[in-house]
Amino acid sequence: MTFSWTPHRFSGGALALDVANSVVLRAEPERRIDRFADPAVMDAFPAGANRHGGERDVFGALEPVSAHARTGLIDLREAIDRHFRAEILGTGMPTLLADLLDAISASLRLSGMRPQALDTATSRSALLLIARPEPERLKICPNCQWLFLDRSRNRSRAWCDMAVCGNRAKASRHYHRNREEPRS
């Protein structure tokens, strides 16, 4: 099965969140899919982010992470997910922030000479999210559990992507509502 980085896969609104969302069904170990487990798919991510990412104008044309920095990117991705997910859920702890800052530091030390590298730009994106003045704009999609940045004017965005997760939730509600109603 071939995989491509489509616009839906960049619905996080920030590069750091899109990288964290490269794990599908994170909370379901038996169904979990790590898109970065395949080096070719990881290498294709920057091209997708250059086309569809919410911060494509912030970091310029992204480049793949170097082979020796792949593990560091995975460590950074996991630290991003743990920290921001906990912050959104109200269970954030200073140790999670410290872990994220350590992962950012390690990533920048490893590839800081390559400012367009995916790991460098992801580190910078995570720093921008940490410094964000409106943390309530960070949310978790109730359908797929992806992290996303709500940039709507009234902070009412409920889904990572209305065309995918929003429609699935609406279809599910419609299906269950129609099953419960007796037919006359």
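The values are calculated or read from the model by the stated rules, or taken from the named source; none is laboratory data. Keep in mind that what you see is a predicted model, and the values were worked out from it rather than measured. Using ideal geometry, Cβ is built from the backbone for each residue, glycine included, and neighbour counts are taken over all protein chains shown. In case anyone asks, the SASA skips ligands and DNA or RNA and just uses the protein heavy atoms, side chains included. Shrake-Rupley method; radii C 1.70, N 1.55, O 1.52, S 1.80 Å.
Within the stretch 1-58, what whole-number % of the accessible surface is contributed by carbon and sulfur, with the 1.4 Å probe and all protein chains included in the calculation? Mind dumping the intermediate values first?
On the way: 1480 of 2800 Å².
Here it works out to 53 percent.
Just the accessible area per residue of the stretch 2-147, please: how many Å² with a 1.4 Å probe?
Values: 6850 Å² over 146 residues.
Heavy-atom SASA per residue in the stretch 2-147 reads 47 Å².
Highest first, please rank the peptides 91-102, 15-26 by the mean number of other Cβ atoms sitting within 10 Å of their residues.
On the way: 91-102: 14.2, 15-26: 23.8.
The packing order, highest mean first, is 15-26, 91-102.
Roughly how many percent of the accessible protein surface of the stretch 61-103 is carbon and sulfur, given a 1.4 Å probe and a whole-percent answer?
Carbon and sulfur: 62 percent of the exposed surface of the stretch 61-103.
Take the Cβ-Cβ distance between residue 67 and residue 47 as r, set R0 to 22 Å, and report the resulting FRET efficiency rounded to the nearest 0.05. Could you put the intermediate results ahead of the total?
Working: r = 17 Å, r/R0 = 0.78.
The computed FRET efficiency comes out at 0.80.
What label, among (i) 57, 34, 31; (ii) 48, 40, 28; (iii) 70, 39, 33, belongs to Cα extents along the principal axes in Å computed from the structure on display?
(iii)
Modelling each spin label as a point 7 Å along the Cα-to-Cβ direction, I'd like the residue 8/residue 32 distance in nm, to one decimal.
That separation, rounded to one decimal, is 2.2 nm.
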